[in-house]
1. Which percent, nearest 5, of DSSP beta bridges in the stretch A:241-338 are antiparallel?
2. Just the projected area, averaged over all directions, of the convex hull on the alpha carbon atoms of the stretch A:256-323: how many nm²?
3. Run the dipole for the stretch A:73-116 about the Cα centre, Lys and Arg Cβ at +1, Asp and Glu Cβ at -1, nothing else charged, and hand back the magnitude in debye, nearest 20.
4. Placing unit charges on C-beta atoms (Lys and Arg positive, Asp and Glu negative, everything else neutral), compute the dipole magnitude of the stretch A:731-850 about its Cα centre in debye, rounded to 20.
5. Sequence neighbours fewer than 8 away in the same chain don't count; with that in mind, list the aspartates and glutamates whose C-alpha is under 14 Å from A:K293.
6. Rank A:N748, A:T702, A:W676 by how far each Cα sits towards the positive end of the charge dipole of the stretch A:667-786 (+1 on Lys, Arg Cβ; -1 on Asp, Glu Cβ) and give me just the farthest.
7. Going by C-beta contacts inside 10 Å, put A:S730, A:S246 in order with the fewest on the left.
8. What do you get for trypsin sites (Lys or Arg not before Pro) in the stretch A:438-502 restricted to DSSP loop and a cutoff of at most 16 other Cβ within 10 Å of the site's Cβ?
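Please treat every number below as a calculation from the coordinates, not as lab data. Keep in mind that this is a model prediction, so the values were computed, not measured. Every residue, glycine among them, receives a Cβ derived from its backbone with ideal geometry; neighbour counts consider all protein chains shown.
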Amino acid sequence: MEMSFEVERYNFKNIENKWQKKWEENQTFAVHVDKNKKKFYCLEMFPYPSGKIHMGHVRNYTIGDVLARYKLLQGFNVLHPMGWDSFGMPAENAAKQNKLDPKEWTESNIKKMKSQLKKLGLSIDWNREISTCSEDYYKHQQKFFLELFEKKLVYRKENYVNWDPVDETVLANEQVIDGRGWRSGAMVERKKLSQWFFNISKFSQDLLDGLNKLDNWPNKVKIMQKNWIGKSFGSEIDFEVEGDLSVNKIKCFTTRPDTLFGLSFIALSVDHEISKFYKNDTNFLKFKDECSKTGTTEEAIAVGEKIGFKTNLFATNPFNREQKVPVYFANFVLMDYGFGAVFGCPAHDQRDFDFAKKYNLEIKTVVKPENEDDDYIVRNEAYSDKGVIINSEFLNGLKAPEESVIETIKILEKRKLGKKKINFRLKDWGVSRQRYWGCPIPIAYDKNKNIHVIPDDMLPVKLPQNINLNVKGNPLDSEKSWKKINIDGKDLVRETDTLDTFVCSSWYFLRFCSPHENDYGFNEDDVKYWMPVDQYIGGVEHAILHLLYSRFFMRAISQNNERFDLTEPFNGLFTQGMVCHETYKDKDNNWVSPDEIEIVDGIKYLKGDRSNKITVGPTESMSKSKKNTVDPETIIENYGADAARLFILSDSPPEKDVQWTDEGIVSSFKFIQKLWKLNIKIFSEINQNHEEDADDEIVKYTNNFLKKITNNLENFSYNKIVANLHEIYSFLFKQLNHKYKKNTLIENYKKILIAMQPIIPHFSNECLDMLQIKKIEWPNYDEEIIKEDTINLVIQINGKKRGLLQINMDTPEEELTEIIKKNEKIMKYIEDKKIQKKIYIKNKLINIII
RNA sequence: GCCCUCGUGGUGAAAUUGGUAGACACAAAGGACUUAAAAUCCUUGCCGCUUGCGGAGUGCCAGUUCGAGUCUGGCCGAGGGCACCA
């Protein structure tokens, strides 16, 4: 196409501004319940207002926006809201460091980030904006808390926490670095503290069952949740105990009761009640201390050294009353799983095996692999695979574990030695946080620590403002006047713990349905219409906690509730990958950020310092610590929102990590410029007369394009859509060199522009506006038009491709054989050899075996 | 240690139910246009004879099949998850 006339560059700044303003003024994305229309609830995980959006947000919200705009074009009533997960530690830490008010800090961050998000051109109904730290939000949360308290789904119990004795504060696991507090550097203690818990474990089975219905969730997330819930089938067994303590019974949980004849010790958690007899034993205390160092994560237990502390107790094997085995405390037994006591069968459990080796305990084989003889002996490592029971009297010969476990449980129950037991790994959710910047718990205590509910007319419990944060421990605890409360003439003291921020995010999607409802967290009609969320989009890092807590919360609210009944909040889930970037270091091994680099003759230097060469490190997810971040605002400033959207979608499928590159964003920018030039050219056609003898190739190509793009939109293959856009561009570009019918060109071009709208909405709207298109709806394709008359059939000889043959659709085999016989190129491979077999797949290929 | 996912050109990746491997891009090289540069466009996965054609080829080794990137088994490698950050 000759570009003899001057084309004005695409002024993305003016055009993007113009459309964003229009959308705001016209309330384009404001929605209301409309029972005549099919709804679609598109939700992305709301951000924490850290102060600036990052590329991860750009990706997350672009993916969501593509879907929301697509559904909008399809005629759905689309709810696409945005809000702020605005309680949490960062605000408190920032406020402490800079002597600010967390509320002001948070609100100014929100303001800033909101303006940044708007520059991305998202189709969001900002009328529904919510912020979890606003009283308007958390007052409803307090009511939910009390509802759950009423239903006995909230309770108080003592639990171990990481305690920083210098800061007098509870630490999260990640704040403990090498056993020391991240801020104070003091050795962290395990301390028992009375805390609030949500009874999520009550729903273990239901939460597990519910996963089966979530067909539109990624499998890996379901597996992670399944493992987290950790259902295991086994039995509890009572062991008789003798020794110098007043203990005569230990209850153990096991998934392998069938290996009871392989018993060689009993292992207890250091927190088991029997430990009370050792509370003054310095050796035991030393041992306990040692245990706390190894950590309690599954990995630490699996990999770490197994150590024990021998008691003077001996347990009797209930199946074989002569056998007495020692009782140990051991570091690999957890108190909060099962009964904090296990029986050790070293031959068939690797942990027990390691332990037995260390303390010279008997290793008795009771399961053999099926192909081994009965004298099989476990030697170098535990055998925990399938097999057959041996050396176990009445259990011998049973298939382990499928027959033997059930059979053993039957015998145990008959002899009253134990019973069937299903155990879940899922623990109750501790929601107490000893911090200021969170939702206050609407509870008070009297002198005897009895719990009193804050009555309805005294709600909400507001966070006090202008308080001193630079105190030891929880700042709320130092607010003497705030703590005091008088209920019905009684002087009480307020609960000073605040709620885990995961509570806030467990129901925010309900609030979006009726963000201005004053009496309750949501309006039941609104929720009935909008919920569940049709598509939820966010990072996989929330695969377990946030999603599981939300599923629990729906069940908890639904319980005994006539007005609300919803178990699964998220019908569809999509987890997007991270945004990565190369890492850079200067000659002194310091991290260098991409914008501190200049390139001269293909070599990277620190800006303004030719003596300082930059080495390029591996590509990693963007993080401040490695300085490999790129600021979205700068990108939008330089290249525009459409280019940023286009690039963030283009290089990798949304569920995988994507690498941000300068070259990539530049190429997206150029592509939009090219589209613009093409648009101007096509636009100029409107007023020109054209010969009407051209072909209709554009109709078929456009329909094909629409089919591909529709399929790709449906399947989150957004990277392929970008490829489709490149293809259609090349086609149109070439098409303009041929003869074509003007009206046909314009008609199809309109459809193409609309199909671009989810990806590059500003550009699409501007072009459509130029063509004065008012009615904008998703263009459907016509299968009839796409249908081809001929196809390229693949000819294979012995499975090897030897040629292509253009033949009519649905050519019968006999006819094809005739065609092939006349084809010298193909026949030369066959020569005079005998054809053994022919496999003909209609309209695809023929494979000739000779 | 256990569980899950993924291995395709120099790079990011396509390949819808097993049926033309590498669409679409990035980078590099060569070419066209230009006084020149920029911009733009075209060509190029690898090995061989160098129009064209032939061969190998989707981490490695087997298997199923007329046919395997795709299915099965084993191995090697990378990433993620495994209880109080959001």
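1. Rounded to the nearest five, the antiparallel share is 75 percent.
2. 5.8
3. 140
4. Dipole about the Cα centre, nearest 20: 540 debye.
5. Within reach: A:D178, A:E189, A:E305.
6. A:W676
7. If I rank by nearby Cβ atoms, fewest first, I get A:S246, A:S730.
8. Of the trypsin sites (Lys or Arg not before Pro), the ones in loops of the stretch A:438-502 whose Cβ has at most 16 other Cβ atoms within 10 Å are A:K447, A:K449, A:K462, A:K472.
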